[in-house]
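Chemist: Handing you a structure now.
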Amino acid sequence: MDWYPFYNSLRIAAISTVVIFFAGIFAAYYLARLPRLVKGVLDVVLTLPLVLPPTVIGYLILRVLGPRHVIGAWFLRAFGLRLTMTWWSAIFSTTVVIFPLMYRTARAAFESFDRTLADAGRTLGLSNTYIFWHIRMPVCRQGILAGMVLSFARALGEYGATSMVAGYTPGRTATISTTVYQLWRTNDDAAAFRWVLVNIAISAVVLLAVNLLERRPSPQRGAAA
Amino acid sequence: MSLEVDIRKRLGAFRLDVSFASDGDVVALLGASGCGKSMTLKCVAGIETPDSGRIVLNGRVLYDSEKHINLSPQKRRVGYLFQQYALFPNMTVAGNIAAGVRNGSRAEKREAVEAQLRAFRLEGKGDKRPRELSGGEQQRVALARILANRPEALLLDEPFAALDGYLKWQLELELADTLRAFGGNVVYVSHSRDEVYRLCDTVCVLTEGRSSPKCRMRELFSSPGTVSAALLSGCKNISRAERLGARALRCEDWGVTLRMGCDVPEDAGAAGIRAHYLTIAPQDGENVIPCGVERVIDDVFSTVVMLSTPGGRAGRSLLRMELSKEAWAAQGNPRSLLIRVAPDDVMALRGGVGHD
């Protein structure tokens with residue numbers, strides 16, 4: 001059994017998760033400070049990928065990054081680089097698809113954060129950066145970790161947008177989900193089934209991790225004195 | 001040592017208009033909940049920004065709307081004790097105190113933390129998390145953290161609101177020591193007249209966002225000046241009143257005219273009498289009111305008697321008299337009584353009376 005799809009799926013999911021960790025908490029943190037109307041509009045835009053069909057997302061990405069479209073054409077001219085149909089093209093699609101998951105869980109975590117903790121830090125002379133990384137993030141750790149694990153799991157299972165943006169080339173852009181589809185289409189039922197089992201196993205492990213995370217008491221809740 | 005605050009801020013329909021100063025003393029901001037006490041503290045600390053005004057601490061301008069000065073909370077050096085103490089739950093007790101130490105090498109910081117742990121009787125608690133501590137210990141950690149920061153002013157927001165009653169007394173004694181040792185500008189926000197009377201030197205009453213001039217704590221109780229200050233100082237009997245000459249007040253709700261021990265201010269619109277200052281009179285005389293006994297309430301250490309006055313509005317303006325259980329027992333349960341208030345104990349007040 002060629003393990004390339006397994007390795008490729010993990011690497012795409014891991015990189016997208018790192019990207020949306022920063023993008024998601026950044027958006028969640030700064031959006032909270034915007035005026036109500038702007039916040040409402042941006043919130044809709046940022047959450048849209050959650051409800052759009054992945055094929056629509058794939059189409060939109062191709063419209064921007066495709067070799068005959070604005071950014072894609074520019075990259076091709078300037079660097080001779082094709083942004084689609086490579087293994088890392090899938091990072092674009094998975095990142096867009098999982099962004100709302102991270103953004104919304106981070107936002108929920110930040111909203112439950114006790115504002116007076118940050119205020120206390122500021123009156124003590126602590127910098128806003130220090131307060132963010134040493135107080136806000138640790139206190140919201142549980143929600144943010146749960147968001148990351150969920151995002152990772154979703155990235156691993158991404159099929160629609162990825163198949164459009166990265167395609168299916170065995171040994172180059174194949175992921176577990178595109179491989180299952182390809183094997184099933186070519187009537188290689190036994191091989192498809194093996195990959196289905198692999199996928200179920202990974203997903204089960206990830207969800208188990210989420211449950212374990214949720215069981216550990218976070219500093220924000222915990223027994224009151 | 002001085003802190004001058006003079007700020008205005010609009011919050012929807014609510015308007016904050018507060019002005020007071022501390023000359024290194026402990027100033028109480030006394031007011032009912034929702035009157036803008038906490039908002040005032042937040043403006044002083046820089047967590048909220050007023051619409052206009054000026055805040056000056058020991059000669060340093062923290063905020064000045066005209067000169068467009070608005071220092072960040074980090075630069076103000078104002079210690080803020082939050083109602084729930086705002087200890088960082090992800091850090092240990094020692095970590096929390098260390099977060100308050102502004103600068104110094106690692107060794108110096110550790111030493112400063114050790115010193116604070118000793119000073120606040122927290123030895124052996126350094127490695128604990130805030131949630132493992134009792135409410136009183138949490139308060140001590142919060143104070144240790146603030147004082148490790150060497151603030152120039154201390155703002156305390158209802159320090160005992162989060163604590164059980166039986167804990168408060170001991171902690172209040174400790175807090176009194178801490179405040180004395182601090183010796184700087186302190187603003188103490190509370191709605192409890194008892195707490196404020198014991199812990200503060202001067203008091204500034206806040207009514208619906210507006211501050212009244214600061215006065216000595218004793219004056220608040222002897223001559224509160226306004227209806228809201230009288231109510232906050234615990235005055236139980238208040239009637240609408242009209243000035244009748246230099247030393248007489250016609251109290252409309254009670255239907256009586258009372259002689260005053262001092263001159264009645266021109267703008268007096270109400271009269272106040274403390275429940276303890278009503279006494280039983282042997283015979284008719286000056287400031288003696290014949291009353292009907294409406295209700296007798298047996299309180300913990302005293303007896304409360306609700307009295308109707310001859311010209312009083314039925315049921316709504318009863319006088320409340322408090323006396324010792326023995327003194328009441330000696331009266332033999334009368335249906336009517338002559339009661340007296342000394343002219344010096346009648347307080348002329350400004351401001352409106354809400355009877356509903």
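Read-outs throughout are calculated quantities, based only on the coordinates presented, and are distinct from any laboratory measurement. Here the structure is a predicted model, which is why all the values come from computation and not from measurement. Using ideal geometry, Cβ is built from the backbone for each residue, glycine included, and neighbour counts are taken over all protein chains shown.
Chemist: Placing +1 on the Cβ of each Lys and Arg and -1 on the Cβ of each Asp and Glu in the protein assembly as shown, which of A:Ala166, A:Val45, A:Leu197 has its Cα farthest towards the positive end of the resulting dipole?
Modeler: A:Ala166
Chemist: Here's another thing I want to ask about it. To the nearest Å, what is the center-to-center distance of segment A:48-93 and segment B:120-151, using C-alpha atoms only?
Modeler: 55 Å
Chemist: Still on this structure: Could you give the dipole magnitude of segment B:237-349 about its Cα centre, charging the beta-carbon of Lys and Arg +1 and that of Asp and Glu -1, in debye to the nearest 20?
Modeler: Here segment B:237-349 has a charge dipole of around 280 debye.
Chemist: What is the Cα radius of gyration of chain B over 2.2 N^0.38 Å, N being its residue count?
Modeler: 1.19
Chemist: Next question, about the same structure. Just the number, please: Stokes-Einstein D of chain A in µm²/s, Kirkwood Rh from C-alpha pairs, 25 °C, 0.890 mPa s.
Modeler: Value of D from the Cα-based Kirkwood radius: 127 µm²/s.
Chemist: Quick one: Debye curve from the alpha-carbon atoms of the protein assembly as shown only, equal weights, vacuum; give me log10 I(q)/I(0) at q = 0.06, 0.09, 0.13 Å⁻¹ to two decimals.
Modeler: Computed log10 I(q)/I(0) values: -0.51, -0.86, -1.24.
Chemist: Oh, and also: Along Cα→Cβ, 7 Å out, is where each label goes; now give me the distance between the ones at B:Glu66 and B:Ser192 in nm to one decimal.
Modeler: 4.1 nm
Chemist: Distance cut-off 24 Å, Cα to Cα: go down the list B:Lys37/B:Lys75; B:Lys9/B:Lys214; B:Lys125/B:Lys168; B:Lys67/B:Lys214; B:Lys168/B:Lys325 and report the pairs above it.
Modeler: From B:Lys37/B:Lys75; B:Lys9/B:Lys214; B:Lys125/B:Lys168; B:Lys67/B:Lys214; B:Lys168/B:Lys325, over 24 Å: B:Lys67/B:Lys214; B:Lys168/B:Lys325.
Chemist: Where in chain A are the helices, taken as whole DSSP H runs, whose Cα atoms extend 15 angstrom or more along the long axis and whose Kyte-Doolittle mean reaches at least -1.0?
Modeler: Membrane-span-like by this rule: A:4-31, A:36-51, A:54-65, A:89-111, A:141-157, A:189-215.
Chemist: Using Cα pairs closer than 8 Å and at least 6 residues apart in sequence, work out the relative contact order for chain B, in percent.
Modeler: Once normalised by length, the contact order is 17 percent.
Chemist: Once you place label points 7 Å from the Cα toward the Cβ at B:Ala246 and A:Ser203, how far apart are they in nm?
Modeler: That separation, rounded to one decimal, is 9.5 nm.
Chemist: How much of the pair distance distribution for segment B:43-157 lies past 25 Å, counting alpha-carbon pairs only, in percent?
Modeler: 30 percent
Chemist: List the relative contact order of chain A as a percent without decimals, with contacts defined as Cα pairs under 8 Å and 6+ residues apart.
Modeler: 29 percent
Chemist: Scaled to the compact-protein estimate 2.2 N^0.38 Å, what is the alpha-carbon radius of gyration of segment B:281-349, rounded to two decimal places?
Modeler: Working it through for segment B:281-349, the quotient is 1.12.
Chemist: Next question. Separation between the A:Arg115 and B:Ala329 pseudo-spin-labels, each 7 Å from Cα along Cα→Cβ, expressed in nm?
Modeler: 5.5 nm
Chemist: Let's see if you can work this out: charge +1 on each Lys and Arg Cβ, -1 on each Asp and Glu Cβ, no other charges. What is the dipole magnitude of segment A:4-215 about its Cα centre, in debye to the nearest 20?
Modeler: Using only the charged Cβ atoms, the result is roughly 460 debye.
Chemist: If a helix is a whole DSSP H run, which ones in chain B reach 24 Å or further along their own axis (Cα) and hold a mean Kyte-Doolittle hydropathy of at least -0.5?
Modeler: TM-like helix candidates: B:165-182.
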